[in-house]
Amino acid sequence: MAEGSAAVPSTELLEWPKKDKRRFLHAVYRVGDLDRTIKFYTECFGMKLLRKRDIPEEKYSNAFLGFGPEESHFVVELTYNYGVTSYDIGTGFGHFAIATPDVYKMVEDIRAKGGNITREPGPVKGGSSVIAFVKDPDGYIFELIQRASTPEPLCQVMLRVGDLDRSVKFYEKALGMKVVKKVDRPEYKYSIAMMGYAEEHETTVLELTYNYGVTEYTKGNAYAQVAISTDDVYKSGEVVEHVIQELGGKVTRKPGPIPGINTKITSFLDPDGWKTVLVDNEDFLKELK
């Protein structure tokens, strides 16, 4: 072995992400007016405000909203930085998605409350799923998807990537996700891979989109990251480091406790620069209490 090269990881270590207890915890992004966004999400989307905190010494506030308790549901974590009223969403972030039994009714309710409908409800091109698109007050897009019932209404985070095969490998190996659906649409020049920890209608998925010939996107400064739970931040971090050596990416925070909170986390960027934070399961539940 060449001097300075990394030791070959054990099969047991590389299998760890698939055996670990993982789920999507929250998506973190920045907004220009916290109360305005809370009002829009609760009144138009039917989300609940789960908790809110103000950290004046750090000059920011945040709020957690979703369709059920954080112990069991995926939620959004909104961050307001004092004095910053707008952000650049960039070209890479796509949308969030909400599943609802009646897209037409939801759109009418949102319209009545002054919401911005960017695509009227109706079937997808070449398919039967009924969808619509809505823009929130900060410009984030939400896809509304018609589903009879679902345990997780906040069901997608869509991000654009420059090499779909590379991204799929990264999320399989580094995060233990599986491809739950893959669609190639040559007539519209794009491919998507839905990735997650259970079937698409049961849980939240990451929708990775590749537009033919586009290898890079701007990240902006609005969308921050997704957080995912793990039973062992240190072991998970070790796997991530090995996968980054193979496929690209960057560790942005080594595994360890956050000062003052003591919740153990690690964070990293995927090969396209999208950030994930892995959070210790037990520490996360303690934090909620």
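The values are calculated or read from the model by the stated rules, or taken from the named source; none is laboratory data. As the structure is a computational prediction, the values presented were derived from the model and not from experiment. A quick note on method: Cβ atoms are made from the backbone with ideal geometry, for glycine too, and the neighbour counts reach across all protein chains shown. Protein only, heavy atoms only, side chains kept; ligands, DNA and RNA dropped before computing areas. Shrake-Rupley method; radii C 1.70, N 1.55, O 1.52, S 1.80 Å.
Points to keep in mind about this one:
- Selection among Y29, L50, A99 by position relative to the dipole of region 1-119 gives A99 as farthest towards the positive end (Cβ unit charges, Cα centre).
- Among the listed pairs K18/K173; K125/K181; K178/K264; K18/K178; K173/K254; K169/K250, those whose Cα-Cα separation exceeds 20 Å are K178/K264.
- Cβ-Cβ distance of D165 and K189, R₀ of 22 Å, FRET efficiency by 1/(1 + (r/R0)^6): the value works out to about 0.85.
- Potential lengthening between S128 and N262 on full extension [0.36 nm per residue; Cα-Cα distance subtracted]: 43.5 nm
- Of all lysines in the structure, those lying under 24 Å Cα to Cα from K48, and not within fewer than 8 positions of it along the same chain, are K39, K105, K113, K135, K286, K289.
- For the pair K113 and S149, the difference between a 0.36 nm per residue extended length and the Cα-Cα distance amounts to 10.5 nm.
- Heavy atoms of W274: accessible area, 1.4 Å probe, square angstrom to 10: 10 Å²
- Where N is the number of residues in the chain, Cα Rg divided by 2.2 N^0.38 Å: 1.01
- Modelled FRET efficiency - R0 30 Å, E246 with T91, Cβ distances, 0.05 increments: 0.65
- Hypothetical label at I55: residues of region 70-111 whose amide nitrogen lies under 19 Å (7 Å Cα-Cβ projection): 75-85
- Our coupling estimate for region 81-97, obtained by passing each phi through the Karplus curve with A = 6.51, B = -1.76, C = 1.60 and θ = phi - 60°, is 8, 3, x, 9, 9, 8, 9, 9, 6, x, 9, x, 6, x, 6, 9, 9 Hz, Gly and Pro reported as x.
- Per residue solvent-accessible surface (Å²) - the chain, probe of 1.4 Å: 47 Å²
- Sorted largest first, the principal axis extents computed over the alpha-carbon atoms of region 72-230 equal 44, 43, 36 Å.
- Here is how the number arises for the chain: DSSP H runs of 4 or more residues each give -39500 (n - 2.57), the sum is divided by the residue count, and the result at 222 nm is -6000 deg cm²/dmol.
- The heavy atoms of D109 offer some 60 square angstrom of accessible surface to a 1.4 angstrom probe.
- Selection from A224, P186, T263, by position along the positive dipole direction of region 173-289 (Cβ): A224
- Point-to-point label distance, E120-H201, nm (Cα→Cβ direction, 7 Å offset): 2.8 nm
- Across all C-alpha atoms in region 171-281, the radius of gyration and Dmax reach 15.3, 52 Å.
- Note on the chain: with charges restricted to the Cβ of Lys and Arg (+1) and Asp and Glu (-1), its dipole about the Cα centre is near 380 debye.
- Estimated vicinal HN-Hα couplings, Hz - region 154-170 in sequence order (Karplus 6.51, -1.76, 1.60; Gly, Pro = x): 7, 10, 8, 10, 9, 10, 8, 10, x, 7, 5, 4, 4, 5, 4, 4, 4
- The HN-Hα couplings worked out from phi for region 33-40 by the Karplus form 6.51 cos²θ - 1.76 cosθ + 1.60 (θ = phi - 60°) are 7, 4, 5, 4, 5, 4, 4, 5 Hz, whole numbers, x standing for Gly and Pro.
- Within the accessible area of region 1-157 (1.4 Å probe), percent carbon and sulfur: 52 percent
- Cβ-derived FRET efficiency at R0 35 Å, Y104 paired with V179, nearest 0.05: 0.70
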